[in-house]
Amino acid sequence: MLLRQVEYARPGTVDEAVRLLSSREDARALAGGQSLVNVMKTRVAAPELLVDLNRIDELRDVSTGPAGELVIGAMVTYDELIRSDAVRAARPILADVAVTIADVQVRNRGTVGGNLCSNDPTNHLPPLMATTGASMTIRSLEAERTVGADDFFQGVYLTAVTPGEMLIRVTVPTLGPAEGDGWASVTLGRDGTGIVNVAATVSAGRARIAIGCVSATPVVVEADADEVAVPKAVADASLDPPDDVHASADYRRHLAQVLAWRAVKQALEGAA
Amino acid sequence: MPEPVTEQTIRVTINGEVYEQEVEARKLLVHFIRDVVDLTGTHVGCDTGNCGACTVLMDGKTVKSCMLLAVQADGSTITTVEGLAGADGELTPLQKAFSASHALQCGYCTPGMLLSATYLLEQNRHPSEEEIRRGIQGNICRCTGYVNIVEAIKTAAEGA
């Protein structure tokens, strides 16, 4: 497939990248390219300038901060996330879920930042950011700011990252002693696109639940972490999920309740 | 700061040979490999990133070459299906196992399957059937000949 004519630049630093991204109205950051290159083929996206972030070493690190929190560079791939000892120690759910994204080749290229910034409602990482209390750090030419998941995810394919800005890292608090994470999903085939995804984190008997695939952004629900309260809280959230060839809206509402409890149950096992 | 360009000279090592060539920024890696370097073993199947027929090894990891720009491969080392066999044409144990197990019908998916399976066995010398199936998840065989493909990978792993 021949793409529309496009300009290309390969910055070596974040400073260069934000300067390039600010230089044109229609500049796009190219992360793993596992979504963007495909939508460019179909002409759904036709940016004038691609700013390739793949050679910016400062975005490729996973490290542990002073309080044990995980600091994940925006260009860390799913494969690197899966293999990271720091992730395994601080927040293993991220690796457990990343290993179910698409396939080996996509995991070798696809990135954490790309997953979050594309914010497709079926993406795996947005619900996890919402339950784990992650924060996203965004750079522009002038400033750096950090936002929580509630403010970061704004709509379908829409985040707090505005033109001229870029996501540089994600900070995820380490799991506390009596805390646990869970994940449950029903997908189109093994490791396929989600029909409904649910992430959950349990802390001191309370569950924070984020439901993906049912709205433009993850729907967050809180409840006591038990088998009655969790489905009830999800039912009370009056979800208005899409109705399509893969599942009716009613079935998605049903799945959301069932999967929420499964995710919370896993989180409780982890917390015990 | 690097200036935006629509064409760039890239240097890529493919199967041990260095290719230096000016390419358009919009050219996909798979087209560079097939049309410029003339290695047509790497196939274009779906062109949507689903089928894996265009899989190559880039710096040791499998990637779908239809989802990368050729300019992104600048400086990298790539192995295509043509680069698997030895210089004397001796097939790898995996290729021999594909032949022995009749792990292909039309053969269109075979180059991608071989690279994914090569990568799998590099990562995990003795994969279970489940691990093999997940290892080739990004490669679609439209003849649905998976049973023999899995069998061949198992045979190659047992011989390793």
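The values are calculated or read from the model by the stated rules, or taken from the named source; none is laboratory data. Bear in mind that the values here come from a model prediction, so they are computed numbers and not experimental data. Glycine gets a Cβ as well: all are built from the backbone with ideal geometry, and neighbour counts include every protein chain shown.
Scanning the range B:124-137 for residues that are surrounded by fewer than 13 Cβ atoms within 10 Å (Cβ to Cβ) and part of a helix (DSSP H, G or I) yields a total of 2. Sort out which residues of the range A:253-266 are without any contact (Cβ under 8 Å) to a residue 60 or more places away in the chain and crowded, with 23+ Cβ neighbours inside 10 Å, and write them in order of number. The one that is without any contact (Cβ under 8 Å) to a residue 60 or more places away in the chain and crowded, with 23+ Cβ neighbours inside 10 Å: A:261. Scanning the range A:4-24 for residues that are surrounded by 19 or more Cβ atoms within 10 Å (Cβ to Cβ) and facing chain B (nearest Cβ under 8 Å) yields A:6, A:7, A:8, A:9, A:10, A:11, A:20. In the range B:67-93, what residues are under 24 Å from residue B:51 (Cα atoms), away from chain A (no Cβ under 13 Å) and not in a helix (DSSP H, G or I)? Scanning the range B:67-93 gives B:77, B:78, B:79, B:80, B:84, B:85, B:92.
Would you confirm, using the coordinates I've provided, whether residue B:62 is part of a strand (DSSP E or B) and within 23 Å of residue B:132 (Cα to Cα)? Judged against the criteria, residue B:62 is a match.
So which residues in the range B:1-35 are within 14 Å of chain A (Cβ to nearest Cβ) and among the β-branched types (Val, Ile, Thr)?
Residues of the range B:1-35 within 14 Å of chain A (Cβ to nearest Cβ): B:1-11, B:22-32, B:34-35.
Once the filter is applied, which keeps residues that are within 14 Å of chain A (Cβ to nearest Cβ) and among the β-branched types (Val, Ile, Thr), the range B:1-35 yields B:5, B:6, B:9, B:10, B:23, B:30.
Of all residues assigned to the range B:138-160, at least one qualifies as being farther than 20 Å from residue B:85 by Cα, within 15 Å of the chain's Cα centre (by Cα), surrounded by 14 or more Cβ atoms within 10 Å (Cβ to Cβ) and among the β-branched types (Val, Ile, Thr).
What is the residue count in the range A:43-64 for residues that are outside any strand (DSSP E or B), more than 8 Å from chain B (Cβ to nearest Cβ), over 18 Å from residue A:161 (Cα atoms) and at pLDDT 95 or above? Don't jump to the end; show me each part of the working.
So in the range A:43-64, the residues outside any strand (DSSP E or B) come out as A:43-48, A:53-61.
Next, only the ones that are more than 8 Å from chain B (Cβ to nearest Cβ) stay: A:43-48, A:53, A:55-61.
Those still in the list that are over 18 Å from residue A:161 (Cα atoms) too: A:43-44, A:46, A:48, A:55-58, A:60-61.
Narrowing the set further to residues that are at pLDDT 95 or above leaves A:48, A:55-58, A:60-61.
Summing the residues that are outside any strand (DSSP E or B), more than 8 Å from chain B (Cβ to nearest Cβ), over 18 Å from residue A:161 (Cα atoms) and at pLDDT 95 or above in the range A:43-64 gives 7.
Under the condition of being basic (Lys, Arg) and not in a loop (DSSP other than H, G, I, E, B), which residue from the range A:176-226 is surrounded by the most Cβ atoms within 10 Å (Cβ to Cβ)? Looking at residues that are basic (Lys, Arg) and not in a loop (DSSP other than H, G, I, E, B), I get A:208. Quick check, is residue A:102 farther than 26 Å from residue B:132 by Cα and assigned by TED's automatic domain parsing to the domain that holds residue A:82? The answer is no for residue A:102. Sort out which residues of the range B:51-102 are at pLDDT below 95 and within 22 Å of residue B:123 (Cα to Cα), and write them in order of number. If the condition is that a residue be at pLDDT below 95 and within 22 Å of residue B:123 (Cα to Cα), then B:86 is the only one that fits.
Within the range B:36-60, restricting attention to residues that are on the phi > 0 side of the Ramachandran plot and surrounded by fewer than 24 Cβ atoms within 10 Å (Cβ to Cβ), the residue that is farthest from the other protein chains (Cβ to nearest Cβ) is B:38. Answer yes if at least one residue in the range B:61-75 is among the small types (Gly, Ala, Ser), in contact with a Pro (Cβ under 7 Å, 6 or more places away or on another chain) and surrounded by fewer than 20 Cβ atoms within 10 Å (Cβ to Cβ), and no otherwise. Taking every residue of the range B:61-75 in turn, none turns out to be among the small types (Gly, Ala, Ser), in contact with a Pro (Cβ under 7 Å, 6 or more places away or on another chain) and surrounded by fewer than 20 Cβ atoms within 10 Å (Cβ to Cβ). Selection of the range A:65-120 for residues being in contact with a strand residue (DSSP E or B) (Cβ under 8 Å, 6 or more places away or on another chain), polar (S, T, N, Q), without any contact (Cβ under 8 Å) to a residue 40 or more places away in the chain and away from chain B (no Cβ under 13 Å) yields only A:84.
Within the range B:122-143, can you find the residues that are within 14 Å of chain A (Cβ to nearest Cβ) and among the polar types (S, T, N, Q)? The answer is B:123, B:124, B:137, B:139.
Every residue, every condition in (1) without any contact (Cβ under 8 Å) to a residue 60 or more places away in the chain; (2) touching a strand residue (DSSP E or B) at 6+ places or on another chain (Cβ under 9 Å), yes or no:
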position: B:62; (1), (2): no, yes
position: B:65; (1), (2): yes, yes
position: B:74; (1), (2): no, yes
position: B:91; (1), (2): yes, no
position: B:103; (1), (2): yes, no
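Looking at residue A:35, is it touching a Pro at 6+ places or on another chain (Cβ under 9 Å), surrounded by fewer than 22 Cβ atoms within 10 Å (Cβ to Cβ), within 14 Å of chain B (Cβ to nearest Cβ) and not aliphatic (A, V, I, L, M)?
Working: touching a Pro at 6+ places or on another chain (Cβ under 9 Å): no; surrounded by fewer than 22 Cβ atoms within 10 Å (Cβ to Cβ): yes; within 14 Å of chain B (Cβ to nearest Cβ): yes; not aliphatic (A, V, I, L, M): yes.
No; evaluated as a whole, the condition is false for this residue.
When the range A:151-175 is filtered for residues that are buried (at least 16 other Cβ atoms within 10 Å of the Cβ), under 15 Å from the mean Cα position of the chain (by Cα) and of a type in the set (Val, Ile, Thr), the ones remaining, listed by number, are A:159, A:161, A:168, A:170, A:171, A:172.
With respect to (1) part of a loop (DSSP other than H, G, I, E, B); (2) under 24 Å from the mean Cα position of the chain (by Cα), the lone exception for residue A:2 is condition (2). Inspection of the range B:108-121 identifies no residue that is exposed (fewer than 14 other Cβ atoms within 10 Å of the Cβ) and modelled with pLDDT of 95 or more.
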